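Participant: Below is the structure I would like to discuss, written out as structure tokens.
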Amino acid sequence: MQPEMSIESFQQRQRELASHLDPEAKVVTVCGGTGCGAFGAEGIRDSFQEEIDRRGLQDQVSVKTTGCHGFCEKGPVVVTLPEQVFCPSVRSEDVPEILEKTVVNGEPVERLLYEDPVTGSKIANDHDLPFYSRQQRQVFRLNGVLDPIDLQDYVSRDGYAAAAKALSRLGLAVKVSADGGITAFTDRGTKQNPEIAFEVCV
């Protein structure tokens, strides 16, 4: 039997997770989309983790795989946070320089910056790239920062908030797994409602 919590308790847990998000945290994000994956994104992520470990920076810098950034032809795409420095077509041999100059010292690696094909100018920040600057993402707005297989990361950024809001008036409970993951919303078979359980993750 999986433990259950009320919708209200789930929402409280969500607020607690969100309170631990640090907008100034140093994070190396590696696009995990299909295009970047085909260009070797997994190896790039591993190279960053190995370099972070080698330098003893585990408490200062983290690396995460995110959803698709959308600019597949420039994969593997790496964006360093919080500065949002965009590094296209990253290779394993670029990793130490990105970590040293950009992540640790806050200086973009000039040779790795995106070059505007029209103006020839170098662009450091992802939101300044013409490809992104004319977009206003709604559904996919967190693609570049959210780890799609980390449930806590999702919940901390309002994951399931809409479902919880919609179901909050039905007296439902939330089933949770041992690691705190949401597995289903259920009404526990009350007479007022027939069983309304649906799997949202496993």
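Participant: Is any residue of region 132-154 close enough, with backbone N under 19 Å, to a label point placed 7 angstrom from the Cα of T119 along the Cα-Cβ axis, and if so, which?
Facilitator: 132-136
Participant: Of G106, T119, P88, which is farthest on the positive side of the dipole of region 22-150, counting Cα position, with +1 on Lys and Arg Cβ, -1 on Asp and Glu Cβ, and the Cα centre as origin?
Facilitator: T119
Participant: Need the C-alpha centroid separation for region 25-83 versus region 115-151, integer Å.
Facilitator: About 15 Å separates the Cα centre of region 25-83 from the one of region 115-151.
Participant: Then there's this: DSSP loop (so not H, G, I, E, B), at most 11 other Cβ within 10 Å: list which GluC sites (Glu not before Pro) in region 1-90 pass both filters.
Facilitator: Values: sites: E4, E8, E16, E24, E42, E50, E51, E73, E83; in loops: E24, E83.
Here the sparse-neighbourhood loop sites are E24.
Participant: Jot down the radius of gyration and Dmax of region 22-150, Cα atoms only, both in angstrom.
Facilitator: Every Cα atom of region 22-150 included, Rg and Dmax give 13.7, 41 Å.
Participant: Using unit Cβ charges (K, R positive; D, E negative) and no other charged atoms, how large, in debye to the nearest 20, is the dipole of region 23-157 about its Cα centre? Working shown, then result.
Facilitator: Numbers: 14 positive and 22 negative charges, 85 e Å.
Around 400 debye, computed over region 23-157.
Participant: Among the trypsin sites (Lys or Arg not before Pro) in region 57-102, which ones are in a DSSP loop with at most 15 other Cβ atoms within 10 Å of the Cβ? Mind listing them?
Facilitator: Passing sites in region 57-102 are R91.
Participant: Contact order normalised by length for region 22-150, with contacts defined as Cα pairs under 8 Å and 6 or more residues apart; what percent is it?
Facilitator: 28
Read-outs throughout are calculated quantities, based only on the coordinates presented, and are distinct from any laboratory measurement. If you're wondering where the values come from, they're calculated on a predicted model, not measured in any experiment. Virtual Cβ from ideal backbone geometry, glycine too; neighbours counted across all protein chains shown.
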